[in-house]
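The values are calculated or read from the model by the stated rules, or taken from the named source; none is laboratory data. Just so we're clear, the structure is a prediction, and the values are computed from it rather than from any experiment. Here the Cβ positions follow ideal geometry from the backbone for every residue, glycine too, while neighbour counts run over all protein chains shown.
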């Protein structure tokens, strides 16, 4: 089952209560709470409060969007994973999103790969002990910036609690996006939803022809997953509500192959 939701950092300027109200109004189901502003890493009080507010509003905590970077522990700006994990537990998040290092796969030497794999297994074990999934952000300038590198990392880690997100990367064409999505389906958790062209944010409705192809693949994966709106044109609440209506319609649509 694929549910709609929002990535909270879409509206970093809003307080958690305002975001919850906005998602309630949208009719979407879940929220991925960001670890930089809304639920800071290690702030257990904030995590308990935000988690309680979310559930009290009839919404679900879809994930904890952390800024932990595998293989970079101890580096400036990278939180301790124990703090991240404890925060996710207080939030009652089923999943922690992490970043696959801090450089692109083309620039990464074997030492970078070895550190990323070793650390992924380490945090995967920690998360498994708490029945939480860890999933990589599918993003440029990380080790998951291509189809091949993403598959390499997941296969080398080979951990039952380490999985992946997906999003349509700007530096990929539609064929690479579809190939990447199809090959990652068995390890996929959530999807970040947006429609950009050359860096310009556009109404989600404008991306119908692309997203109908993605959703044909996504709707058949087993389990509960989220299609989470991330960033909107003009950073406007009104645009998010419009995009939410689009997403809800798409999730209820039967996309036949032409």
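Across segment 167-179, what is the total count of residues that are touching a strand residue (DSSP E or B) at 6+ places or on another chain (Cβ under 7 Å) and crowded, with 16+ Cβ neighbours inside 10 Å?
1
From the residues in segment 220-235 that are assigned to a helix (DSSP H, G or I) and free of Cβ contacts under 8 Å to residues at least 60 places away in the same chain, which one is surrounded by the fewest Cβ atoms within 10 Å (Cβ to Cβ)?
In this case the residue turns out to be 234.
Could you pull out the residue among 241, 217 that is in a helix (DSSP H, G or I), over 17 Å from the mean Cα position of the chain (by Cα) and either free of Cβ contacts under 8 Å to residues at least 12 places away in the same chain or farther than 20 Å from residue 31 by Cα (or both)?
217
Criterion first (touching a helix residue (DSSP H, G or I) at 6+ places or on another chain (Cβ under 8 Å) and crowded, with 17+ Cβ neighbours inside 10 Å) does residue 84 satisfy it?
When the stated conditions are applied, residue 84 does not pass them.
Tell me the residue from 125, 109 that is within 28 Å of residue 54 (Cβ to Cβ) and surrounded by fewer than 18 Cβ atoms within 10 Å (Cβ to Cβ), please.
125
Return the total of residues in segment 152-181 being closer than 23 Å to residue 213 by Cβ and in a loop (DSSP other than H, G, I, E, B).
Residues in segment 152-181 being closer than 23 Å to residue 213 by Cβ and in a loop (DSSP other than H, G, I, E, B): 7 in total.
Which number in (1) buried (at least 16 other Cβ atoms within 10 Å of the Cβ); (2) outside any loop (DSSP other than H, G, I, E, B); (3) touching a residue at least 60 places away in the same chain (Cβ under 8 Å) marks the one condition that residue 20 misses?
Of the numbered conditions (1) buried (at least 16 other Cβ atoms within 10 Å of the Cβ); (2) outside any loop (DSSP other than H, G, I, E, B); (3) touching a residue at least 60 places away in the same chain (Cβ under 8 Å), the odd one out for residue 20 is (3).
Would you kindly identify the strands (runs of 3 or more DSSP E) lying entirely within segment 51-151 that contain at least 1 residues that are modelled with pLDDT of 95 or more and over 18 Å from the mean Cα position of the chain (by Cα)?
Fully inside segment 51-151 and qualifying: nothing.
All but one of (1) farther than 26 Å from residue 201 by Cβ; (2) in contact (Cβ under 8 Å) with a residue 40 or more places away in the chain; (3) in contact with a strand residue (DSSP E or B) (Cβ under 9 Å, 6 or more places away or on another chain); (4) surrounded by fewer than 21 Cβ atoms within 10 Å (Cβ to Cβ) hold for residue 70; which doesn't?
With (1) farther than 26 Å from residue 201 by Cβ; (2) in contact (Cβ under 8 Å) with a residue 40 or more places away in the chain; (3) in contact with a strand residue (DSSP E or B) (Cβ under 9 Å, 6 or more places away or on another chain); (4) surrounded by fewer than 21 Cβ atoms within 10 Å (Cβ to Cβ) applied to residue 70, the lone miss is (4).
Is it the case, given these coordinates, that residue 100 is farther than 30 Å from residue 17 by Cβ and touching a helix residue (DSSP H, G or I) at 6+ places or on another chain (Cβ under 8 Å)?
yes
Give me the residue from segment 197-214 that is at pLDDT below 95 and assigned to a loop (DSSP other than H, G, I, E, B) and, out of that set, nearest to residue 229 (Cα to Cα).
199
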